[in-house]
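The values are calculated or read from the model by the stated rules, or taken from the named source; none is laboratory data. Predicted model, so just to flag it, every value in this text is computed and none were measured. All Cβ positions, even for glycine, are placed from backbone atoms using ideal geometry, and neighbour counts span all protein chains on display.
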Amino acid sequence: MTGFNRRRVLRGMLGGSAVTVALPFLNCFLNGNGTALASGKPLPVRFGTWTWGLGISKSVFVPKKVGTNYEFPEEIECLKPIQNQINVLTNYTAFRDASENICHYTGWVTTRTGQAPAQQNDRPGETLDVTIANKIGRTTRFKMLTATATGDGRASLSYEGQTSPVPAESSPIDFYTRLFGPSFPDPNATTFTPNPRIMLRRSALSAVTDDIKDINRYVGAEDKARLDQYFTGLRAIEHQMDQQLAKPEPLAACHPGTAADHDPIAGIEVKTLSERHNMMADLLAMAIACDQTRVFNMFYAASTANTVKQGYEKPHHTCTHEEPVDAALGYQPVVSWFTRRSMESWLYFVQAFEKIKEGDGSLLDNMLIYGHSEQGFARIHSLDGLAAFTAGRAGGKVKTGYHIDGKDSAITEIGYTAMRVMGLDLPRWGTRSNTTSKVISDILV
C-alpha cells in the first residue's frame, strides 16, 4: 500500500480543533508472524511491580493443587478470568538472619533488595526495579515510573540507594500532565520538534562533564572513583536525553486520551483507594503502550495498609492484630475482606495491560509484572508463608497458568528469576540466607 504505514493517523475536526487518532497494529505493520515490527525490530519487553499490604489468609488464599489447572480458593477467586495470564507463587520466606523482624518493613526490603535490613530505615541497596531499569530503561523518556493509589507520594517501596527513594505519583491529573502534557513526544505525530528545554539541559550536562574531566587531574584516587561514578550517571542521563531529541518510533497502540476531570477525594476508604488505583493503572498502561518507559511500579497500599471499610470502625492494619480468627471459618473474616479488595485491584491492573492489543497478542504478553506483599500472616508479622504473583509472558520467555509451591525457599528466587528474564547476567542475588542462584524453572520457557 503506497503511503500507508504505522505513521498514518486518522484526522478530523472536533469543536474547531484538529483531532488525530492512531491506527491499531494492523498486519501490514508487522512481520509475517505478527511478532515483531515489519522492520524486524522486536517488540520491547517491559518489567513492573505491584504491591499490596498485610499478606494473606493462607487457608483461603493458597491453591490446594500445584502446577496447572488448579482451583482458586475464595480469597483469590476473583482472579479466575486471568488464570492463564498469571502465576501464583506461595510458601516463600524472607530470611532475617541475625537481624530483628522489623514489622511491615523487613519483608518488603528483603523481597526488593535481596538483603534483610539491620534496622528501621536501613535500605541495603537499590531495589530490583531500579536494577532492571538501569539495564533496560535508558532508551525511553523515563527510566522508570512509580505510582501509588494511597494518595501519598512518599508511599514508595522503590529506592536508588540508602537515602534515595523514588517518589511515587499520587495524583491522576498530575500524572497525566507529566506523561502526556506539553512535553509529550507523540510517537504518531507527523512532525517532530525537539524540546528546547531538553536541548538546553543536554548542553548544560555536556559542559559539566568537561569540568569533571578537568577536576580529575587534581584529585586523589578515592575522589576519582566518586567522580567516575557520578560521571557514569551523567552519561546515562545524556544518553536518555539524546533519545528524547530524536523522533520516536510510531506506536499504533498509543492512545493517550484526555486527562481526568478530577482527582479522587482524599482518604483511605477502600472505594476511594480503588478508584485512584484504577485511574493510575490505566495511565501506566498507556505510558507503556506509548513507550514512555519500560519499567514501572504500582503500590496499591502502604505496607501497614490503614485502608478502611465503610461502616467498620477499625482500619485494615488494626484488624490484622485485633480481629479474632473465626473458629468456624478458620481465618479473620474482615481482614480477608480487605485482601479480597486488594485482589480485585490486582485483577484490574493485569487486565489494564491485557486489553491493549500489541502485535499478535496484547501488551501484557510483552511484559513481566511481579506482584508481592510484605507479610505472610500479618497477625504475627510472619516472614514465612509469603505469596506473590507474576503476570505476563515477557515476550515468550515465561509460561503462565501455574501455581508454584516455594517449599520455604527464599523469596529472592522470584526477584532473581525476574532479573534473569529481563536480561541481567547475575550469577546470584541476595545475601546470607537470602542468597540465591536458582531460577524458578517451572515457569521459564
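Of all residues in segment 401-440, those being part of a helix (DSSP H, G or I), within 22 Å of the chain's Cα centre (by Cα) and of a type in the set (Gly, Ala, Ser) number 2. On inspection, residue 425 does not qualify as farther than 18 Å from residue 129 by Cα, at pLDDT 95 or above and either polar (S, T, N, Q) or surrounded by fewer than 21 Cβ atoms within 10 Å (Cβ to Cβ) (or both). I'd like to know if segment 131-138 contains one or more residues that are crowded, with 20+ Cβ neighbours inside 10 Å, in contact with a strand residue (DSSP E or B) (Cβ under 8 Å, 6 or more places away or on another chain) and farther than 15 Å from residue 424 by Cα. Looking for residues that are crowded, with 20+ Cβ neighbours inside 10 Å, in contact with a strand residue (DSSP E or B) (Cβ under 8 Å, 6 or more places away or on another chain) and farther than 15 Å from residue 424 by Cα, one finds none in segment 131-138, hence no.
Kindly evaluate residue 410 against the criterion of being of a type in the set (A, V, I, L, M, F, W, C) and touching a strand residue (DSSP E or B) at 6+ places or on another chain (Cβ under 7 Å). Yes: the conditions hold for residue 410.
Residues considered: 385, 395, 401. Of these, the only one that is at positive phi and touching a Pro at 6+ places or on another chain (Cβ under 8 Å) is 395. The single condition among (1) closer than 27 Å to residue 253 by Cα; (2) surrounded by 21 or more Cβ atoms within 10 Å (Cβ to Cβ) that residue 355 does not satisfy is (2). Determine, yes or no, whether residue 230 is aromatic (Phe, Trp, Tyr), part of a helix (DSSP H, G or I), loosely packed, with under 14 Cβ neighbours inside 10 Å and modelled with pLDDT of 60 or more. Against the criterion (aromatic (Phe, Trp, Tyr), part of a helix (DSSP H, G or I), loosely packed, with under 14 Cβ neighbours inside 10 Å and modelled with pLDDT of 60 or more), residue 230 qualifies. Could we say that residue 130 is over 27 Å from residue 185 (Cα atoms) and among the β-branched types (Val, Ile, Thr) here? No: the conditions fail for residue 130.
Suppose we keep only residues that are part of a loop (DSSP other than H, G, I, E, B) and of a type in the set (A, V, I, L, M) within segment 78-103. Which one would you say is surrounded by the most Cβ atoms within 10 Å (Cβ to Cβ)? Applying the filter and picking the extreme gives 94. Within segment 253-275, restricting attention to residues that are over 20 Å from residue 355 (Cβ atoms) and touching a strand residue (DSSP E or B) at 6+ places or on another chain (Cβ under 6 Å), the residue that is surrounded by the most Cβ atoms within 10 Å (Cβ to Cβ) is 268. Note on segment 336-361: among residues that are acidic (Asp, Glu) and outside any helix (DSSP H, G or I), the one that is nearest to residue 283 (Cα to Cα) is 358. Of all the criteria given as (1) within 17 Å of the chain's Cα centre (by Cα); (2) assigned to a loop (DSSP other than H, G, I, E, B); (3) of a type in the set (D, E, K, R), the one not satisfied by residue 135 is (2). Looking across segment 38-77, the residues that are in a strand (DSSP E or B) and buried (at least 17 other Cβ atoms within 10 Å of the Cβ) come down to 46, 47, 48, 49, 50, 51.
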